[in-house]
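Novice: Pasting a structure below so you can have a look.
What follows draws every value from the coordinates through simple rules; no lab data is involved. Only a predicted model underlies this, so the values are computations on that prediction, with no experimental measurement involved. Cβ sites come from the backbone with ideal geometry, for glycine too, and all protein chains shown count toward neighbours.
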Amino acid sequence: MRFRKGLHVLLVIGALLVASCLAMADPINPFNTRPVPIGVSGETTLQTVLNSMGMGVDVVTGQQTAGMWGSSTLLYPTFAPTMIVEYAGNGPQNVFGIWSGTDTTALSVQGIFTGAATGGSVATLSWDLAGLLTITGDLTKVYNVSGIAGINPFSFGFYIDGPGGLYYSVDQLNEVTAGYPSGAPHLLAYRKADTWALAFEDLPFPGTDHDYNDMVVRVESVEPVPEPATLTLLGTGLIGLGGLVRRKLKK
């Protein structure tokens, strides 16, 4: 019985990966153009924040192109974002969340950290076999929800939403402005092994200070969304393996 349940998990994951790949054929581009310049403000610099996190990366040259990710856990996907700092004046209203979608007009969004979240706030995100998302954490700082549909555990991005606006981890989904005709870069991503630092700018371009320390969140156990061809091979391979095992079980 336990083996057959594992087989079911394998088939579900393969189907999710193939569906995720089909989404990649859609207009959303999960990769951003980097690096972008960093501005100076009177607040603690992003480089200082990254150093305090032990990231060991340069604030400019260390910028990653990833704008969408997937859980690195295949069976019952899970990961736990941690709020590091938030220097924004809009901090008490800014919401950090996750989004998923197949095109720019049909996105599913779900808040993770409320405006009350502060440094050290932790949320846990997990999916069941039906692909439904559950979020748990401090009741005053985290949106505790369950049974949320529409967030693909293998193809998602992050966003910040507050008085300054709603901004996504994929530039393409943000405002078009001078110097950024493909969409303004409101998120800078940095990586060290399986740890990511996500640094947000929470005001619209071009008037913002570009310091990217308005909200910094650490996320572990996620990987950048792979190239579509790679994702297809992985998904169809898992489904094929599941089918082969099923046939052998019937013999």
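Novice: Could you derive backbone 3J(HN,Hα) for the range 69-77 from the dihedral phi with the Karplus parameters 6.51, -1.76 and 1.60 (θ = phi - 60°), listing whole Hz in sequence and x where the residue is Gly or Pro?
Specialist: Values, residue by residue: 9, x, 4, 7, 9, 7, 8, 6, x Hz.
Novice: Going by amide H atoms built from the backbone, whose H comes under 5 Å of the H on residue 177, apart from near neighbours?
Specialist: Close amide H contacts, sequence-distant or interchain: 183, 184.
Novice: What list of ³J(HN,Hα) couplings, whole Hz, do you get for the range 81-96 from phi and the Karplus terms 6.51, -1.76, 1.60, once you set θ to phi - 60° and write x for glycine and proline?
Specialist: Calculated HN-Hα couplings, in order: x, 10, 6, 9, 8, 8, 9, 5, x, 8, x, x, 10, 5, 10, 9 Hz.
Novice: With θ set to phi - 60°, apply the Karplus curve 6.51 cos²θ - 1.76 cosθ + 1.60 along the range 160-175 and write out the HN-Hα couplings as whole Hz, x wherever there is a Gly or Pro.
Specialist: Whole-Hz 3J(HN,Hα) from phi for the range 160-175: 10, 9, x, x, x, x, 10, 10, 9, 6, 9, 3, 3, 8, 9, 5.
Novice: Further question: Using amide H atoms built 1.01 Å from N in the peptide plane, name the residues 5+ places from residue 84, or on other chains, whose amide H lies under 5 Å from its own.
Specialist: 120, 216, 217, 218
Novice: Residues with amide H under 5 Å of residue 154's amide H, sequence separation 5 or more or different chain, H placed in the peptide plane at 1.01 Å from N; which?
Specialist: 71
Novice: Something else: FRET efficiency for residue 144 and residue 106, Cβ-Cβ distance as r, R0 = 30 Å, nearest 0.05?
Specialist: Details: r = 26 Å, r/R0 = 0.86.
E(calc), rounded to 0.05, equals 0.70.
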